[in-house]
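Enquirer: Before we start, here is the structure in question, set down as structure tokens.
Rule-based calculations on the coordinates, nothing more; no lab input. Only a predicted model underlies this, so the values are computations on that prediction, with no experimental measurement involved. Neighbour counts run over all protein chains shown; Cβ positions are idealised from the backbone, glycine included.
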Amino acid sequence: MALLQRRRLQLCLLVVGLTAVGIPATAGAQAQDGFIPITPTKAHKTITLTGEDMTIQDLVDIARHGAKVRIAKQHTRYMNRAYNLIIEAARQGVPVYRFNRGAGPSREIVVFEGDPYEPGNLALLQDRRLSAAFSGRWRADRVPYRPYQESEEIVRAMMAVRANNIKYVANGPATAQKIADLLNNRITPLVQTLDTFAGEGMLSQMGNVESVMFGYGEVFYEGERMTALEALDQAGLEPGGVDPEDPANDLGLFRGVYSTDAYSTGEAALLVHEAKQLLDWRDLVFSVAVNGLNSSVTPLSAVPQRIERPYPYANWQAERLLAILGDSYLFDLEFEIVNGQIEGFPRLLQDPLSFRNYPWRGGSAWKAWDQLRALVVTAMNTSDHNPSTAPGVHPEDSPELQTPWLMRHYVEPTPRNTPYEGWRSEGGFTLSNSNYHQSELANDVEHLTLALASATHQVFLRARRISEPFFSVIEPEDVLSPEELERAAPRDDGVGVLQALFDELNALIVPVPLDHDYRPEWPDEERTWTSDRIAKARVTVDTALRLTSQELLAGSFWMDVRQAQKPDRTFGDAPTCTWEAFREVIPWQMDPEDRPPDPGEIAYEFLLDNDPAICLEDVDEEPTFGKAKRKKKH
């Protein structure tokens, strides 16, 4: 019991601003001047970015909780190698997209020839770099107007992803540090929300950040709006430059910062985190509901699961629920038949399907989440840039690289007797590509949206079924006095609210339509609308959490009824932790006239503001297959 009490205390302490009668304080920081700031609770923490091993939690800590970042030495070394490669490529006459050649329809137009650091070329490239940075700033007078992203965490998520995966881009090494400086000083650029590329290499958003790095545009500095130069000055930072004589502040001649999917990838990482919180709460709240219904646990057992139907994620979901329920009374036989009469507390042979099929729908949702999680982690730690810059790759590394067309893009190592100083390269390839294309991620996001909606829509049924005598067997008045019943906590917000949330889920599963942009000589003619799909998925998560809060109301009500029916019952540590902590927010017994309105909103805030891992504890695991599984209690 000491363990349970400790977990309950932790959870209750996290219900910041919620009083004993359940009146929610406003969650999080408030929007100011069209801006929603983060609450930097992890500003003391520093995360090292290597370009290879950023996790979802790292991203969330930086974007949402204000953790600082440090650029690893190997990150900087690789950026140096990539940058040296395109400098040598230009010297050798190798065409490099968006460097010595133009971009988009101008891809065959020669921008310059020869050594980029020859005085005439250097002046040209410096001017182009500065002009692009100035033109890329967010502007309120732009036609058409592009509203800026009001959420600080989304902008910071984009910047964190780019600071990490810019390792693979041929930028000056100071570039990654400059993004880190903005993050570490909470200088958040005004970044537009819309883009003509609609989720494919969203150039404008990171271009807005690039402008701030050079001192152009506007920012929110620790929540206060000002010019970029004012913020940099207050933070003690120098605007970036393109001066080869100042390596520590030289952002290089190649504009590779803005060519990235970091905006949508960062928001996808936030989605993965939020969906994990939802799925954990769903499992905990369901464990409360099955205790409240006096459910049969036979659908969770090995026979209908791994023995008869070995679906990995459904089996994992069932085993997880068995572990969550732990020592619940549901595994006990509480009645016997004596002389043809039932003595004790009977349990039905079979629950309604909305209870019985939880492992299948829940397992499917976990599968969609796991698939998206893996892909987002890959996206955060690999190149999404065009062109590829691959220092140290040689023709013998793959057969096709030895063919004449690809050898055209091979950069020989810098000769030992070269007249050039600095920027020596070991050689490699620089190739045009479509690394910014996000079809796989966009499709996985929509898969998650569908799976979450499918798994959550049953809440409508479970929240009603649990109170129907045909399934509950008893009615509350069978075990509660009239006074207790009058003072009892609410069961849900009513069928109207449940139906409205159900209808919203149905609307959210409609796919985002396909699109293209057919213009003669326009090479980037198709769109995936990735960011739109992610935004829709995040709304789905929020709607599903609101529905789950309705099940929490109903399930916790019936857990109190079951305890009144037989006071010595046990419900399992994790369900009890959830139930008792929730009762600190919405008490079981209370004068009706003192109860605040909108109990569903209070329950929603409870789920939103608390970490389910506190009650899950050792069951707070993600699906992993191919590894030894820990022993379960049942």
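Enquirer: What number, in nm² with one decimal, is the all-direction average of the projected area of the convex hull of the alpha-carbon atoms of the range 211-299?
Expert: Its Cα hull, projected and averaged over all orientations, spans 10.7 nm².
Enquirer: What are the ³J(HN,Hα) couplings of the range 60-71, residue after residue, when phi is run through the Karplus curve with 6.51, -1.76, 1.60 and θ = phi - 60°? Round to Hz, x for glycine and proline.
Expert: Along the range 60-71, the couplings run 5, 4, 6, 6, 9, 10, x, 4, 8, 10, 10, 8 Hz.
Enquirer: Let me ask you something else. Could you calculate the contour length gain from Lys45 to Val303, that is, 0.36 nm times the residue separation minus the distance between their Cα atoms, to one decimal place in nm?
Expert: 88.2 nm
Enquirer: Please order Glu210, Glu400, Glu113 by the number of other Cβ within 10 Å, starting at the fewest.
Expert: With the fewest neighbours first, Glu210, Glu400, Glu113 line up as Glu400, Glu113, Glu210.
Enquirer: Turning to a different aspect of this structure: Can you give the alpha-carbon Rg of the range 418-507 over 2.2 N^0.38 Å, where N counts its residues?
Expert: 2.39
Enquirer: How large is the Kirkwood hydrodynamic radius of the range 61-183, in angstrom, based on all distinct alpha carbon pairs?
Expert: Over the range 61-183, the inverse of the mean reciprocal pair distance is 16.6 Å.
Enquirer: Neighbour counts of other C-beta atoms within 10 Å: give me Lys73, Lys566 arranged from fewest to most.
Expert: Lys73, Lys566
Enquirer: Sequence-distant or interchain residues sharing an amide H contact under 5 Å with Ile47, placed H: which?
Expert: Sorted by chain and number, the residues that satisfy this are Lys68, Val69, Arg70.
Enquirer: Among Arg186, Arg156, Arg101, which comes first, then next, by fewest other beta-carbon atoms within 10 Å?
Expert: Arg101, Arg186, Arg156
Enquirer: Let me ask you something else. Compute the Rg to Rh ratio over the range 341-405 from the alpha carbon atoms, using the Kirkwood formula for Rh, and round to two decimal places.
Expert: With Rh from the inverse mean 1/r over Cα pairs, Rg/Rh is 1.50.
Enquirer: Quick one: if you stick a label point 7 Å off each Cα along the C-beta vector at Glu617 and Ser481, how many nm between them?
Expert: Between Glu617 and Ser481, the label points sit 3.5 nm apart.
Enquirer: Further question on the same structure: Would you calculate, for the chain, the mean residue ellipticity at 222 nm contributed by helices, counting each DSSP H stretch of 4 or more residues as -39,500 (n - 2.57) and dividing by all residues, to the nearest 500?
Expert: For the chain, the value works out to -14500 deg cm²/dmol.
Enquirer: If you don't mind, there's one more thing I want to ask. Starting from one equal scatterer on each C-alpha and no solvent at all, send me the Debye-based log10 I(q)/I(0) for the range 564-603 at q = 0.16, 0.20, 0.26, 0.36 Å⁻¹, two decimals.
Expert: -0.53, -0.75, -0.97, -1.19
Enquirer: Which pairs break 27 Å Cα to Cα here: Lys45/Lys167; Lys42/Lys167; Lys42/Lys178; Lys42/Lys73; Lys45/Lys536?
Expert: Lys45/Lys536, as the Cα separations exceed 27 Å there.
Enquirer: On each of the three principal axes of the Cα atoms of the range 120-199, give max minus min coordinate, whole Å, ordered largest first.
Expert: 40, 31, 24
Enquirer: Related question: How large is ³J(HN,Hα), in whole Hz, for each residue of the range 166-177 in order, when computed from phi with the Karplus curve 6.51 cos²θ - 1.76 cosθ + 1.60 and θ = phi - 60°, using x for Gly and Pro?
Expert: Per residue, the Karplus-derived 3J(HN,Hα) values read 5, 3, 8, 10, 7, 9, x, x, 5, 4, 4, 5 Hz.
Enquirer: Using 1/(1 + (r/R0)^6) with R0 = 56 angstrom and r between the beta carbons of Asp542 and Asn417, what's the FRET efficiency to the nearest 0.05?
Expert: For R0 = 56 Å, the calculated efficiency reads 0.30.
Enquirer: Where the only charges are on Cβ atoms (+1 Lys, Arg; -1 Asp, Glu), what is the dipole of the chain about its Cα centre, to the nearest 20 debye?
Expert: Using only the charged Cβ atoms, the result is roughly 1360 debye.
Enquirer: When you have a sec, figure out the Kirkwood radius of the chain from all distinct Cα pair distances and drop it here in Å to one decimal?
Expert: Evaluated on the chain, it is 27.2 Å.
Enquirer: For a distance above 23 Å, tell me the whole-number percent of Cα pairs in the range 443-581 that qualify.
Expert: 51
Enquirer: Given a Förster distance of 51 angstrom, what is the FRET efficiency for Arg77 paired with Arg142, based on the Cβ-Cβ distance and rounded to 0.05?
Expert: The pair Arg77/Arg142 has a calculated efficiency of 0.85.
Enquirer: Using only the alpha-carbon atoms, how far is helix 119-135 inclined from the longest principal axis of the chain? Give it as 0 to 90 degrees, nearest 10.
Expert: Once rounded, the angle reads 30 degrees.
Enquirer: I've got another one for you. Determine ³J(HN,Hα), in whole Hz, for all residues of the range 489-506 in sequence, where each value follows from phi through the Karplus function 6.51 cos²θ - 1.76 cosθ + 1.60 and θ = phi - 60°; x replaces Gly and Pro.
Expert: For the range 489-506, the Karplus-derived couplings read 5, x, 8, 5, 8, x, 5, x, 5, 4, 5, 5, 5, 4, 5, 5, 4, 4 Hz, x marking Gly and Pro.
Enquirer: So if we plug the beta-carbon distance of Ile109 and Asp246 into 1/(1 + (r/R0)^6) with R0 = 35 Å, what FRET efficiency do we get, rounded to 0.05?
Expert: 0.70
Enquirer: Which one of Trp360, Val393, Phe331 has its Cα pushed farthest toward the positive end of the charge dipole of the range 320-409, where Lys and Arg give +1 and Asp and Glu give -1 at the Cβ?
Expert: Projecting each Cα onto the dipole axis, the largest value belongs to Val393.
Enquirer: Output the relative contact order of the chain, whole-number percent, from Cα pairs under 8 angstrom with separation of 6+ residues.
Expert: It rounds to 20 percent for the chain.
Enquirer: Normalising by the residue count of the range 299-424, find the relative contact order in percent from Cα pairs under 8 Å and 6+ residues apart.
Expert: 19
Enquirer: Along the Cα→Cβ direction, 7 angstrom out, place labels at Ile337 and Thr55. What is the inter-label distance in nm?
Expert: Inter-label distance under the simple model: 5.3 nm.
Enquirer: For Gly241, which sequence-distant residues (separation of 5 or more, or a different chain) have an amide H within less than 5 Å of its own amide H, given hydrogens modelled in the peptide plane?
Expert: Long-range HN contacts for Gly241: Leu251.
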